[in-house]
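Reviewing the structure listed below.
The values are calculated or read from the model by the stated rules, or taken from the named source; none is laboratory data. Model, not experiment: these values are computed from the prediction. We place every Cβ from the backbone using ideal geometry, glycine too, and count neighbours over all the protein chains shown. We work out accessible area using only protein heavy atoms, side chains counted, and drop any ligands, DNA or RNA first. Shrake-Rupley method; radii C 1.70, N 1.55, O 1.52, S 1.80 Å.
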Amino acid sequence: MAKSPMLISILGATGSIGQSTLDVISQHPDMFSVFALTGHSNMVQLAKDIDRFKPRFAVVPSVERLNELKQRISYVGCEILVGTQALIDVASAPEVDIVMAAIVGAAGLESSLAAAKSGKRLLLANKESLVVAGALLMNAVDEHNALLLPIDSEHNAIFQCLPADRTHRGVESILLTASGGPLVALSHQELEVVTPEQAIAHPNWSMGRKISVDSASLMNKGLELIEACWLFDVQPEDIEVVVHPQSVIHSMVRYVDGSVIAQLGAPDMRTPIAYGLAYPDRMNSGAQKLSFTDTLNLQFAAPDRDRFSCLRLAEQSMTIGGTMPAILNAVNEVTVDCFLNGIIGFMDIPRVNEQVMDAMISEPVESIEQLIDVDMRARNLARSKIKAG
Ligand code: NAD
Ligand code: MG
């Protein structure tokens with residue numbers, strides 16, 4: 001008997017990861033059916049995808065967006081819901097088998113947590129969820145028997161390179177690779193005058209604007225280091241960050257016997273997405289095959305934590321622990337947004353991030369409400385520091 005398709009909710013469907021997920025799903029229509037799509041601002045894209053994938057639900061942030069979306073869709077079988085609670089509802093609905101968490105920023109936290117608490121297969125692209133609330137999210141996964149599969153390419157690679165039973169048996173360290181981003185060769189002075197266009201012009205990956213700036217500042221690698229600590233139950237000192245400009249090796253695991261196991265592939269997020277969707281099987285993703293007859297020319301270098309101090313700040317925040325990673329994540333969302341809007345310069349991102357970290361005290365993590373409050377306080381402080389210049 002043919003298996004019925006698995007039902008998936010895609011949170012952040014209109015974004016870069018959301019669109020890649022729909023692309024992979026469209027190649028396997030017999031295996032997956034869309035339960036819900038969510039979008040925040042791009043109603044043109046959301047309408048197109050509703051007409052094409054015919055989900056039961058769509059989620060938008062406001063009544064204005066709902067009215068705009070209604071005018072654009074022809075499919076009548078989709079119920080449009082509004083607001084944060086609706087994101088939680090489509091992430092935890094009993095019919096849903098898989099949740100793709102691809103909202104950007106701490107805004108994705110509550111829906112990621114809801115998916116974990118409902119025991120779903122959670123494909124986690126939204127790394128900020130783990131940075132802000134790693135302890136709560138990992139506990140929820142354990143307690144409710146959810147299957148958490150990392151979609152971030154590095155973590156997906158590490159997941160594949162670790163022992164199959166996910167123990168630390170024989171593991172010496174994790175080698176987290178970083179492309180270095182588009183600004184890796186610039187001097188301190190040159191970095192001061194970088195424009196948003198320069199910062200988001202990533203050499204290997206096409207991604208959303210926030211993660212592109214994070215990649216350019218190496219904050220992305222810092223957030224990923226924190227993400228890896230939670231996912232794989234290791235400490236910052238167990239992780240070596242290696243700059244690898246070609247983004248062909250997506251990360252590695254070093255074993256005590258001298259072996260290093262790497263996962264390679266073209267820089268295409270459809271590969272980790274297909275891995276998560278098909279796990280433990282494999283299926284076609286549409287990604288280009290890596291050619292070993294063309295010159296791969298793989299290079300490696302150490303990261304520069306002085307020019308790119310966001311990496312150092314992230315490591316420090318994880319070592320301090322408690323709510324400090326949530327504080328850093330919140331201020332960084334504000335500084336990146338202000339940089340993209342021309343309010344501050346590129347090097348003000350690490351400057352303000354550090355000022356806010358210094359000014360706030362880490363508390364032991366207790367609850368989601370506490371983290372939301374800390375997040376709000378860090379954002380307010382960041383805005384007032386920026387205003388004060
Ligand atoms: P994006 O900006 O392209 O898309 C973000 C999505 O989130 C959009 O659908 C948007 O509508 C939605 N969204 C934005 N603000 C929202 C809010 N306040 N409430 C609800 N929805 C909101 O971002 P992206 O590049 O697809 O990245 C998404 C997540 O995946 C990020 O956490 C990022 O770090 C992670 N990630 C992305 C890539 C990549 O290649 N793009 C790789 C690894 C990890
Ligand atoms: Mg990554």
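A few points about this structure:
- Shown in residue order for the range 260-267 are the 3J(HN,Hα) couplings computed by the Karplus curve 6.51 cos²θ - 1.76 cosθ + 1.60 at θ = phi - 60°: 10, 9, 10, 10, 10, x, 5, x Hz (x for Gly and Pro).
- Relative to one another, the C-alpha centroids of the range 349-380 and the range 247-297 are positioned 35 Å apart.
- Stokes-Einstein D (µm²/s) once Rh is taken as the Kirkwood radius of the chain over alpha-carbon pairs, at 10 °C in 1.306 mPa s: 74 µm²/s
- Residue with peak Gaussian network fluctuation, the chain [Cα springs, cutoff 10 Å], from Lys117, Lys48, Lys221: Lys48
- Among Ser187, Val24, Phe308 the positive-end extreme of the charge dipole of the chain (Cβ point charges): Val24
- Here is what passes the span test in the chain: the DSSP H helices with alpha carbon length of 20 Å or more along the helix axis and a Kyte-Doolittle mean of 0.5 or above are 127-143, 324-340.
- Of all the options Ile103, Ile73, Ile25, the one that moves most in a Gaussian network model of the chain with Cα springs shorter than 10 angstrom is Ile73.
- In the chain, lysine pairs closer than 16 Å at Cα, eight or more apart or cross-chain: 5
- Solvent-accessible area per residue, Å², over the range 144-206 with all protein chains present [probe radius 1.4 Å]: 44 Å²
- Relative contact order (percent, whole number), the range 147-250, Cα cutoff 8 Å, 6+ residue spacing: 38 percent
- Accessible solvent surface per residue of the range 1-130, calculated while the other protein chains remain in place, 1.4 angstrom probe, Å²: 42 Å²
- Dividing the summed helix terms, -39500 (n - 2.57) for each DSSP H run of n ≥ 4, by the number of residues in the chain produces a 222 nm estimate of -14000 deg cm²/dmol to the nearest 500.
- When both the range 8-66 and the range 124-179 are represented by their alpha-carbon centers, they are found 25 Å apart.
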